[in-house]
4 protein chains.
Amino acid sequence: MEKITLGIIGAGRIGKLHAANLAANRNVRIKTISEVKIDPKLNDWADSLGIENVTEDFNEILNDTEIDAVLICSSTNTHVSMIIQAAEAGKHIFCEKPISLDYCESSQALDAAQKAEVKLQIGFNRRFDHNFKRVREAIMEGNIGDIHIVKITSRDPAPPSKEYIQASGGLFLDMAIHDFDMARYLTGSEVVEVCAKGAVLVDPVFSQMGDIDTAIITLKFANGALGVIDNSRKAVYGYDQRVELFGSEGCVSISNDFENNAEWSTSDGVFRDKPKLFFLERYNDAYIDEMNQFVESLLNNMDVLVSGNDGLQAELIAGAAKKSLDENRTVLLSELKATLK
Amino acid sequence: MEKITLGIIGAGRIGKLHAANLAANRNVRIKTISEVKIDPKLNDWADSLGIENVTEDFNEILNDTEIDAVLICSSTNTHVSMIIQAAEAGKHIFCEKPISLDYCESSQALDAAQKAEVKLQIGFNRRFDHNFKRVREAIMEGNIGDIHIVKITSRDPAPPSKEYIQASGGLFLDMAIHDFDMARYLTGSEVVEVCAKGAVLVDPVFSQMGDIDTAIITLKFANGALGVIDNSRKAVYGYDQRVELFGSEGCVSISNDFENNAEWSTSDGVFRDKPKLFFLERYNDAYIDEMNQFVESLLNNMDVLVSGNDGLQAELIAGAAKKSLDENRTVLLSELKATLK
Amino acid sequence: MEKITLGIIGAGRIGKLHAANLAANRNVRIKTISEVKIDPKLNDWADSLGIENVTEDFNEILNDTEIDAVLICSSTNTHVSMIIQAAEAGKHIFCEKPISLDYCESSQALDAAQKAEVKLQIGFNRRFDHNFKRVREAIMEGNIGDIHIVKITSRDPAPPSKEYIQASGGLFLDMAIHDFDMARYLTGSEVVEVCAKGAVLVDPVFSQMGDIDTAIITLKFANGALGVIDNSRKAVYGYDQRVELFGSEGCVSISNDFENNAEWSTSDGVFRDKPKLFFLERYNDAYIDEMNQFVESLLNNMDVLVSGNDGLQAELIAGAAKKSLDENRTVLLSELKATLK
Amino acid sequence: MEKITLGIIGAGRIGKLHAANLAANRNVRIKTISEVKIDPKLNDWADSLGIENVTEDFNEILNDTEIDAVLICSSTNTHVSMIIQAAEAGKHIFCEKPISLDYCESSQALDAAQKAEVKLQIGFNRRFDHNFKRVREAIMEGNIGDIHIVKITSRDPAPPSKEYIQASGGLFLDMAIHDFDMARYLTGSEVVEVCAKGAVLVDPVFSQMGDIDTAIITLKFANGALGVIDNSRKAVYGYDQRVELFGSEGCVSISNDFENNAEWSTSDGVFRDKPKLFFLERYNDAYIDEMNQFVESLLNNMDVLVSGNDGLQAELIAGAAKKSLDENRTVLLSELKATLK
């Protein structure tokens, strides 16, 4: 396998982003992209990237024997069905997060991929970020000793649209799920207990949707460490993505990235520009790396760096957080896992 | 009242610290200091500061009509009794934190002070820190809009002795109590709900004492905000005291203070010295300011800046945290307040 | 002109870098690259980037009527002749810095380009850096008022080889020339006076070559501002590229870029990784932007962002610095300009 | 000598500052302070500090056999005469900088002190700053290897009054003199060569006085290192006092101190308050330390930490800078030293 032939299902924002990044990878041929409803603008865009076919029927991708792997970038409610069909068609799979809004269904998708012996990578792009990667490696080498406390701050610059919120699965499954994965990734330990507190402080529309916009989630890990995640749907100063790990031998913290490092001193004080605006700016390089690593896993027949199980575990934590908030109590992960079989 | 005449009950570390700071205040005469067991070294020290009398009988202070106010720096289990006696003797009072290990008893001490119409200030020194004060003022002016999330990090450089731990009242009453006060001080809002998670990760001795050494405590405030405090008894890099407040219009964070700001770039990386070692170093100026403000309150007959009620409220939060940890559930402050009458 | 067809003269490190960056630009066709001596490895590399021809005869490029523009990335001593021939062949030109080691010859190259009415851009890549660009824009808008002092720090991580030093034209023409350009770029003012101090502190080999490895160069600008540049051939902590501008209304400073922003606190102190290693790491994005802007200037028939005159002026300042060092006196730029006609 | 008895000549701003700091030193008795013209307010102030006598005749101090040492805080033009008289009276001496505006006269003052075998300390307060001290010690231990480049930034928040400027001796003797001393102190090497560039960019009044308000001064040290100092009489963001030392094994930089470390992130960017306003705020602790160390030198009969020669050397560099500016050439320190004998 000298060059990978890919199909992309879904040409929304994230599907287009991955396509553009993959188009610059000399080991990749993007043969087909499918979208529910195509228009001339989409055709032009695909053309400019050298994508050969644009179709409204994703089966053209699944049935194409030239295609080695598919990217599932369609809406979340289609993910499970797509994974199962792609697996049955023998395609390797990259699927955006979350796998689904129901971890039991997600589990079935994992089974299908496993049975078909195809690779399945989940879109936790932050694992490919230069800062987080650097820290993960050093922690695994023991640089801060045993981990005692993990703190993750994750705040969006502005809330999404009402329509987006409605289909999102809620703050835990849509937004905090990245942080749940980061908690597992950086500690190398599984979460065993979740206690979530939530509030609607940003916009009452979240209440109307039965959702929250602000949260503090406490975690207990299998290795004994404690963790806490704080989320907000609106940070006026931009995307706020920071992590701190505290252990027996020290502490490491990762701060935000900035567009520039110029510092201005005036009679009003000292200032600098805000952090990078949102995920497209902050994780631009991580998205590129995510795709290149997926392609490399295929080319060299290696394990993917973010497995289907990673996707499932994060969904279980999200489920426990939801249950904790609803029932106002600490929830054990084992309670949810018991329902999986 | 042109000059305040003071007595100090207790000549341990903190009593001596306050004495030295007060000795530099030209409006203060320290007439007497009492300690359970005095020795020549203590006499020499008192002499060097110009303290007139050293005694083993604190009643010499309480019965001295020249003495306007007393500092209670004796062991915690004597605080309530001392406050009540000092109040009855008509002395204004500065008492170290916590008032007691039992908020019902603390409440009685407050009643005694109120009945006697004497001032009662509690030793929450951090309120006088240059960083925290600057932030409190700006928050009260609305600089970050409505507060949504409060995060407090509070870690000691090294655990105290076994004896200290045993008498301390536990992590919540001994250590986190400062953070509970800071949470109230910075938000200007009361805590209504507490959920505490604890662990013994630093030293098994804490388990033996029925105590913990690591904690994450989630708070809900009357104004709707959420908060989280993380504590550890051992941060190898020194005293770690940071705060972050996040609101509708922005975010403010306070970092540690350092002995110097020199930054070294070498072939190994970029480094600087550790933060200030512990509370004596970090809050040196705050301790001075605390005493000067107490004296000023007396001189000008103004309200003290940290009231007896501030001491009581922090103890109630500590009590709720303990109950939350013991019963593994969220505890409402109202549950504890109901037991006060 | 929908797509630009380019030829590249010189397939050394910088030629290859530009080629790779241009290969990702969808508006560019790289038709031919020439190198004095080609080998199979070079052919493979060119093939992988989709470069159509590899040749040992640069005339194949100059005589190719399909080629719109050339990149001159050959050794410095060939630049002037290449510019003149390319201009006569009607090609637009991008030429690496310096134009030559003799500003009189450089001036002749400029004349040739002007006479032929072809565009000529000089490779001052730092102008395209995100930090410097941000500052330049704000300064031009008056954010720090009138400029009083400019300070530029520019230090390489390690000295080049003996062979490189010998052909380099010396520290001023090889290294500081970027800083001379940056001084003009950030202030928007011409240098009128130069006073240079130099030393050999890094390696005696520089003495043997009649060169220096450490320098402090003071500048006076037409607008009255003062400036100072400090250079070293060896900073053990990596590439050190900083700028500070001080004016009537404030000060702005630009610091180094880092591979990651993780900060480690341990019992030894607080650490972070070193700055980015060297120019390829630090200015990676700037090199991409430089090429894209050059292509855009051609596509839209706009002025290039770094003109031949910018190249010449920096060489004049370098010449004045050399003269200042040699004669141990302040040198006026006008002294050198007088020799140009 | 158990307690030092001091007299202070001059009760201006700096005389009062030293008096207040010394009043808190338990080893010091301030017996007398003299001022050209005394008023009731001065008497009250002296009284509040426990200073026993206030006089208009400094001879009361010089003739008082109880007085061990004098602080010379009178106007600069009286320093030399005061030093000589105090030395003849057998008093140890602390004298504010500069010793005089004429290094030949200063040299005579040094001779007098030496002949009388009294201690003479010069008021270079910055040597006692926590940041500079930390760096000096580490540099002396070789932490950055051999020093190659020294950079000192020293800018005042606002220009002094016209009267002050007139009597000041000019920017080099009044302001940069601290930086000349810092250059010697941090490198541990003597300056051998000076080249100064100056400008009037802040206020034309400096021109009228034959002075400058902006300067860049290049230094060459005996150990081969190069140095540069930049000065401005007006930095709108406050007192700007930074240092950078670059050597064969690394680089160290010292930044400004701030009143607080709160960092604000809002929709406009990231902010913090300005640096400390001016020397009284920035060097408050250094002034205290300076006095305590002077007293300790007397108590223990040790060498003072800033000698008369340190004062003289800084004046010689200032003189060379003035000559360099006036004659537009590099000046060797040896030229000035030759005139001393």
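Phi angles across region C:93-104 convert, under the Karplus curve 6.51 cos²θ - 1.76 cosθ + 1.60 with θ = phi - 60°, into 3J(HN,Hα) values of 9, 10, 10, 5, 7, x, 4, 7, 8, 9, 5, 5 Hz, Gly and Pro given as x. Does anything in region D:275-300 have its amide N under 14 Å from the 7 Å Cα→Cβ label point of B:ASN260, and if so which residues? What the label zone holds, given the 14 Å backbone N cut-off, is D:286. In degrees between 0 and 90, to the nearest 10, how far off the longest principal axis of chain B does helix B:284-299 point, with axes built from Cα atoms? With both axes taken from Cα atoms, the answer is about 50 degrees. Applying the criteria of a DSSP loop state and at most 15 other Cβ atoms within 10 Å to the trypsin sites (Lys or Arg not before Pro) of region D:290-337 yields D:ARG329. With its label point defined 7 Å out from Cα along the Cα-to-Cβ axis, C:ILE38 lies at 3.9, 9.6, 9.9 nm from the matching points of the other copies, in increasing order.
How much of the calculated P(r) for region C:222-318 lies past 24 Å, in percent of all Cα pairs? Across region C:222-318, Cα pairs with separations above 24 Å total 49 percent. Using a 1.4 Å probe on the protein heavy atoms, what percent of the accessible area of region C:1-134 belongs to carbon and sulfur? With neighbouring chains kept in place, the figure for region C:1-134 is 45 percent. Am I reading the C/A interface right? What is its buried accessible area, both sides, 1.4 Å probe, to the nearest 100 Å²? Summing both sides, the interface buries roughly 2200 Å². Bin by bin, in steps of 5 Å, what percent of the Cα pairs in region B:110-195 do you find, going until the bin that has the longest distance? With a bin width of 5 Å, the distribution comes to 3, 10, 17, 19, 18, 16, 11, 5, 1.
Counts of other chain beta carbons within 10 angstrom of each beta carbon in peptide B:251-261 average 6. From helices alone, the protein assembly as shown scores -10500 deg cm²/dmol at 222 nm; the rule is -39500 (n - 2.57) for each run of n ≥ 4 DSSP H residues, then divide by the residue total.
Ordering D:VAL243, D:LEU219, D:ASN256 by the projection of their Cα atoms onto the charge dipole of region D:217-261, which places +1 on the Cβ of Lys and Arg and -1 on the Cβ of Asp and Glu, puts D:LEU219 at the extreme positive end.
Computed over chain B, the Cα gyration tensor eigenvalues convert (square root of 5λ each) into semi-axes of 32, 25, 21 Å, ordered from largest to smallest. Two numbers describe the Cα atoms of region C:68-215: Rg and Dmax, which are 17.3, 47 Å.
Normalised by 2.2 N^0.38 Å, where N is the number of residues, the C-alpha radius of gyration of region B:1-121 stands at 1.00.
Shape annotation for region C:157-316: C-alpha extents along the principal axes are 57, 40, 38 Å, from largest to smallest.
Between the Cα long axis of helix D:13-23 and the first principal axis of chain D there is an angle of about 60°, rounded to the nearest 10. Per the Cα gyration tensor, region A:211-276 maps to an equivalent ellipsoid with semi-axes of 30, 19, 9 Å, ordered largest to smallest.
Net charge dipole, region B:1-65: roughly 340 debye, given to the nearest 20, about the Cα centre with Cβ charges of +1 for Lys and Arg and -1 for Asp and Glu. Between their Cα atoms, which of B:LYS274/D:LYS3; C:LYS16/C:LYS276; A:LYS234/B:LYS274 are more than 30 Å away from each other? Beyond 30 Å between Cα atoms: B:LYS274/D:LYS3; A:LYS234/B:LYS274. In this structure region A:1-128 gives 44 Å² per residue of accessible area when probed at 1.4 Å with all protein chains present. Return one number: the angle in degrees, 0 to 90 and rounded to the nearest 10, between the long axis of the Cα atoms of helix B:79-88 and the longest principal axis of the Cα atoms of chain B. For helix B:79-88, the angle is close to 40 degrees.
With springs connecting C-alpha atoms under 10 Å apart, model chain A as a Gaussian network and identify which of A:GLU88, A:GLU263, A:GLU141 has the largest mean-square fluctuation. Answer for the Gaussian network model of chain A: A:GLU263. What is the list of residues in region C:171-194 whose amide nitrogen lies under 19 Å from a point 7 angstrom out from the Cα of C:ASN77, following Cα to Cβ? Answer for this model: C:171-175. Relative contact order, whole percent, for chain D stands at 19, derived from Cα pairs under 8 Å and 6 or more residues apart. Projecting 7 Å from Cα along the Cα-to-Cβ direction, the label point of D:LEU280 sits 3.2, 5.4, 5.7 nm from its equivalents in the other copies, listed shortest first. Annotation: the antiparallel percentage among DSSP beta bridges lying fully within the protein assembly as shown is about 60.
Taken over region B:71-187, lysine pairs spaced eight or more positions apart, or on distinct chains, with alpha carbons under 23 Å apart number 9. For B:SER265, what accessible surface area do you get with a 1.4 Å probe? Give it in Å², rounded to 10. Roughly 20 Å² of B:SER265 is accessible to a 1.4 Å probe. Nearest beta carbon of chain D to the D-to-B rotation axis, with distance in whole angstrom: D:ALA24, 3. Which shape class, rounded, prolate or oblate, goes with region D:1-54 when its Cα gyration tensor gives a ≥ b ≥ c as root eigenvalues, a/c under 1.5 marks rounded, and past that a/b bigger than b/c marks prolate? Here region D:1-54 falls in the prolate category.
Take every DSSP beta bridge whose two residues both sit in chain B; close to 55 percent of them are antiparallel. Per residue, the average separation of C-alpha pairs within less than 8 Å and at least 6 apart gives region C:1-160 a relative contact order of 18 percent. Note on the protein assembly as shown: semi-axes of the ellipsoid equivalent to its C-alpha gyration tensor, largest first and rounded to whole Å, are 58, 51, 22.
Please state the Cα pair-distance histogram of region B:271-341 with 10 angstrom bins from zero: what percent is in each bin? That works out to 16, 26, 24, 27, 6, 0, in percent per bin.
The values are calculated or read from the model by the stated rules, or taken from the named source; none is laboratory data. All values derive from a computational prediction rather than experimental measurement. So basically every Cβ, Gly included, is an ideal-geometry build from the backbone, and we count neighbours across all protein chains shown. The accessibility values were calculated without ligands, DNA or RNA, using every heavy atom of the protein model including side chains. Shrake-Rupley method; radii C 1.70, N 1.55, O 1.52, S 1.80 Å.
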